[in-house]
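Shown next, in structure tokens, is the structure this report addresses.
The values are calculated or read from the model by the stated rules, or taken from the named source; none is laboratory data. Because the structure is predicted, anything quoted here is derived from the model rather than measured. In this analysis, Cβ positions are derived from the backbone assuming ideal geometry, glycine residues included, and neighbour counts consider all displayed protein chains. When the accessible area is computed, the model is the full protein with side chains, heavy atoms only, and any ligands, DNA or RNA have been set aside. Shrake-Rupley method; radii C 1.70, N 1.55, O 1.52, S 1.80 Å.
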Amino acid sequence: LADVVMGSPANGVLEVAGPESLSIAAFVGKALVASGDKRTVVADPQARYYGAALDDLGLKPRNPNPRIGPTRFEEWASRGAARK
């Protein structure tokens, strides 16, 4: 993300994504586990995210050439746990 922010203007839409695709419920579930929370996440297929319907892989880039970051969720979550 820092490379994108500090880089040259894109003069258009520049999408940034992570290296893995999971549902929002799966990411939230992983975040809960990483924080020691034992609750189960139950997805609501009718729920909207800012009005948009999500599929099984949540929010995905629409541009065919998004910037893909190298950090996987577990690595990111473990960095946060180390700061606590």
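For this structure, a couple of remarks:
- Label zone at Ser8, where the point sits 7 Å out along the Cα-to-Cβ direction: the stretch 48-74 residues whose backbone N lies under 19 Å: 65-68
- Prolate/oblate/rounded call for the chain, Cα gyration tensor, a/c under 1.5 rounded: oblate
- Evaluating kT/(6 pi eta Rh) at 25 °C and 0.890 mPa s, with the Kirkwood radius of the stretch 22-68 over Cα pairs in the Stokes-Einstein relation, gives 202 µm² s⁻¹.
- Spin-label pair Thr71/Ala53, simplified geometry with 7 Å Cα→Cβ offset, distance in nm: 3.3
- Accessible surface of the stretch 32-84, 1.4 Å probe, proportion on carbon and sulfur as whole %: 54
- Using θ = phi - 60° and Karplus 6.51 cos²θ - 1.76 cosθ + 1.60, couplings along the stretch 6-20 (whole Hz; Gly, Pro as x): 8, x, 5, x, 7, 6, x, 7, 10, 9, 10, 9, x, x, 10
- Think of a 1.4 Å ball rolled over the protein heavy atoms: the chain then has 83 Å² of accessible area per residue.
- Under a 5 Å amide H cut-off, with hydrogens placed 1.01 Å from N, Leu54 pairs with Tyr49 among residues at least 5 apart or on other chains.
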